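Here's the structure, in structure tokens; my notes come after.
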Amino acid sequence: MAEPAPEPAIEVAGTNAQDKVPAALAYLQKAASDAGGNVYDHITDVLSKLLQEKPDKPVDLFEYSVLTKKLALDVKETPVLLPTLKETHAATTASLFSAPEPPINPETGEPEAAEPEAAEPPNEYETENVMTDASLFEACGVGLSRSEMYRVMLAVKALGEDPVVKVATVRFFGKMLGTHADYYVFETTLKEPATPEEETPEGVVPTEVNSGVNAYTYFVTTRLGDKPVQLPDTTPAAIVCARQIKKFLTGDLDAHVSAYPLFPGREAMYLRAQIARIAASTVVCPVGFFQLEGDEGTSVAKTEEFAAPETYEDVASWCYRYPHVKAQGRVEAFVFPPPEPAEGEEPAEPEEPEVSPPMLTALTEAYDDVSGDYARLVPGEEGGAPWSVVTSSMVPGVKFKVGGVKSLLWPGAAAVALGNTFANVYVGYGIKNAPFVPVPPPPVAAEFDAALVESSELPTRPDAETMPTEEEG
Amino acid sequence: MQAGVASLSLVGKITTSAGPDYLIAHGVSDAKAISGKVHEESRLFYSQDGATWSDLEPVTGDEDIARISGIAGWLSGTPATTYTVEEPVPAPEPVEGEEAAEPPEPLTFEYTELQRLYLIAFSIIDEVFYVQPKGCTVVAADTTIRFVPSFSPLAYPDKLESYVHLKAVAPGQKSSELVSLAEDVRGTWALTFDSFTRVAVVRSLLWPGYAFYYSAATNTWGKMYSGPGYSNSDLVFML
């Protein structure tokens, strides 16, 4: 084995080291980059930074900062300072995935033996096939992702099985985006709806109870896994005011809705009013899927033999499913009783209530929309159906295409269908796509028109004891 | 490769009122930071079916840009649509003793939908698209902008301060300290952090439809725009 020959270069460098240093420094100081930086300054900066700050692991940071020239040296080696993210929130979502805890025997304090066969759901309810709907939404590129929809499905199940709420039906309505948190909204009908008996003050349009705009009860939660909160019933005043304002949701149900005109209620009420407007104008179904029922045509029932159309990629094959909400903020117009006519006067003509289109009106059918929640209001354009088409494939001739429509007036609302299955979803800010026209302020109050007369009365003498006494000296 | 750009990314989808939506792609080559400002050569591409992509011709000229930006309304979905902009010509001062002449015919300008599409895509990219986690890029010595391979996950993914604009480098500022979203006009960004999936979603309220996500679990991020293509001019009322 031959020993490696000593490198003559070292010898040369050793002998001439004194001469080489200035040359090496000159080389390092030579401007090398377009920005004007050079190696000498770079290393000097890094070294002086290290000596100033004296971090615990200088070698690591030296290497890192030389590599990246990141002289700010974000010192990240103190794990004590790292934030602890709120993992409890994650735990609430994770709780959706776990099996319910067996009830605890109060005598022994031990969990009762689980009997899988005997386990009955605490509450029977009906719902839609959330995961099938999710695949339809995914095909058309609307709605939520499949993994999020899976959590939604579990949340629907948790709400449906809740033995206290006792829902009859649950449907996932959608997700309302807010500035700080988003609301997941569930549309339910209750087995035992509460019937609040509230006196309606005179001159106020009464609230519809368990019918009309309040036919459904809505539950919301900002985090799947948390117990959904029931929203209050909406009132005509809230709907009318919500149509005049344009506000983002914040994600806090107790937040003030600071707007003009003054909104009657907190964000929970505003959210409920927006849901009522969005549901009435964007929940749609294929034409022929439902048929009118009853003499007055105020309710709908499933058609027994529904023949699916060839394509759903046509606005004309869809119709509104929920009843039209009038400008008054009610489904059924409320007419104030005419005032008692004074003697010798003709009784006043009662006001003509707004006439709504019949239920299940096709989306393409034009009608005079007073409320503005249905007609299209796109800047620069007028008229036309406020809907456009979505499809799962642009390739012509593909079979079993998922088709549907999406709302241009309420961006985020979409309906998709395949065969005999259809589904609606809303994912958006809860805001109508229309230019905002602020309501003008109220008229200026009239001047005080009584003459300003000088008063001859002296002001009452202030009590001597409460008078501030002047400090002496 | 054919496009001749170093990197190509999907900007998003501009929704239209009648036709198929427009998909926009952004090709970048040669991104450099010279004296605090980001310079790059960029090209835009559009597609309506996601399969065939065409170049989007840039619109230059301040007057054209001003006129096209004034056109309101949604894009129609038909690239051949033309828009006519009328501009009144100032009437000449009437000479004394003479009757005022008829006002001259207004000037008309024709613009295509693709010119509008370019400006819409350009303003989205310019204003909001360059969001990234703080510290994921570095300006190398030769002024090119490079990703940091050792970029460690964000310590505070649930704070707006953790996300920065790559474009807006304040003058005199070191290019490694970019302007964070928290320094933008207050209320223009909404951040939600899901601690279950450890994903933060940052949405622009000024450009509704733009969203940026950062996954703290996988240390990955992405961004996309899907909206009608105009900024929210009512924001001041809505917060």
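A few points about this structure:
- Single unsatisfied condition, A:LYS57 versus (1) within 52 Å of the chain's Cα centre (by Cα); (2) at pLDDT 75 or above; (3) more than 11 Å from chain B (Cβ to nearest Cβ): (2)
- Check on A:ALA273, at pLDDT 90 or above, of a type in the set (A, V, I, L, M, F, W, C) and more than 17 Å from A:TYR426 (Cα to Cα): no
- Restricting segment B:203-220 to residues that are in contact (Cβ under 8 Å) with a residue 60 or more places away in the chain and away from every other protein chain (no Cβ under 12 Å), the residue that is farthest from the chain's Cα centre (by Cα): B:ASN219
- Subset of segment A:390-412 that is surrounded by 19 or more Cβ atoms within 10 Å (Cβ to Cβ) and touching an Asp or Glu at 6+ places or on another chain (Cβ under 7 Å) - its residue that is modelled with the highest pLDDT: A:GLY403
- Residues in segment A:167-188 that are more than 16 Å from the chain's Cα centre (by Cα) and surrounded by fewer than 17 Cβ atoms within 10 Å (Cβ to Cβ): A:ALA168, A:THR169.
- Looking across segment A:295-308, the residues that are open to solvent by 60 Å² or more (accessible area, probe 1.4 Å) and either within 33 Å of the chain's Cα centre (by Cα) or farther than 18 Å from A:CYS319 by Cα (or both) come down to A:ASP295, A:GLU296, A:THR298, A:LYS302.
- Test: residue in segment A:276-291 that is more than 16 Å from the chain's Cα centre (by Cα), hydroxyl-bearing (Ser, Thr, Tyr) and open to solvent by 30 Å² or more (accessible area, probe 1.4 Å): no
- Residue match in segment A:228-235 (condition: more than 30 Å from A:PHE137 (Cβ to Cβ) and in the same structural domain as A:MET149 (by TED's automatic domain parsing)): yes
- Within segment B:35-71, considering residues that are touching a residue at least 24 places away in the same chain (Cβ under 8 Å) and within 11 Å of chain A (Cβ to nearest Cβ), the one farthest from B:PHE109 (Cα to Cα): B:GLY36
- Residues that are away from chain B (no Cβ under 12 Å) and of a type in the set (Asp, Glu), drawn from segment A:216-259: A:ASP233, A:ASP252, A:ASP254
Condition check ((1) modelled with pLDDT of 85 or more; (2) open to solvent by 40 Å² or more (accessible area, probe 1.4 Å)) across all residues:
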{"residue": "B:ALA3", "(1), (2)": "no, no"}
{"residue": "B:LEU8", "(1), (2)": "yes, yes"}
{"residue": "B:ALA25", "(1), (2)": "yes, no"}
{"residue": "B:SER35", "(1), (2)": "no, yes"}
{"residue": "B:HIS39", "(1), (2)": "no, yes"}
{"residue": "B:SER76", "(1), (2)": "no, no"}
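- Filter result (at the interface with another protein chain (Cβ under 10 Å from one of its Cβ atoms) and open to solvent by 20 Å² or more (accessible area, probe 1.4 Å)) within segment A:413-432: A:TYR429, A:ILE431
- Reported count of residues in segment A:138-177, each being away from chain B (no Cβ under 14 Å) and either modelled with pLDDT under 90 or closer than 17 Å to A:GLU187 by Cβ (or both), is 20.
- If you go through segment B:10-20 and keep only what is facing chain A (nearest Cβ under 9 Å) and open to solvent by 30 Å² or more (accessible area, probe 1.4 Å), you end up with B:LYS13, B:ALA18, B:PRO20.
- Looking only at segment A:262-311, residues that are under 20 Å from A:VAL220 (Cα atoms) and β-branched (Val, Ile, Thr) come to 4 in all.
- No other residue among A:GLU349, A:GLU343, A:GLU310, A:GLU382 is within 29 Å of B:SER76 (Cα to Cα), among the charged types (D, E, K, R) and at pLDDT below 75 apart from A:GLU382.
- Residue in segment A:100-111 that is of a type in the set (A, V, I, L, M), open to solvent by 30 Å² or more (accessible area, probe 1.4 Å) and at pLDDT below 75 present: yes
Here's the yes/no breakdown for (1) in contact (Cβ under 8 Å) with a residue 60 or more places away in the chain; (2) part of a helix (DSSP H, G or I):
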position: A:GLU138; (1), (2): no, yes
position: A:MET149; (1), (2): no, yes
position: A:LEU159; (1), (2): yes, yes
position: A:PHE173; (1), (2): yes, no
position: A:ALA181; (1), (2): yes, no
position: A:GLU187; (1), (2): yes, no
position: A:PRO193; (1), (2): no, no
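The values are calculated or read from the model by the stated rules, or taken from the named source; none is laboratory data. What you are looking at is a predicted structure, and each value in this text was computed from that prediction instead of being measured. Reconstructed Cβ throughout: ideal geometry from the backbone, glycine too, with neighbour counts over all protein chains shown. Keep in mind that these areas ignore ligands, DNA and RNA; they rest on the heavy atoms of the full protein, side chains included. Shrake-Rupley method; radii C 1.70, N 1.55, O 1.52, S 1.80 Å.
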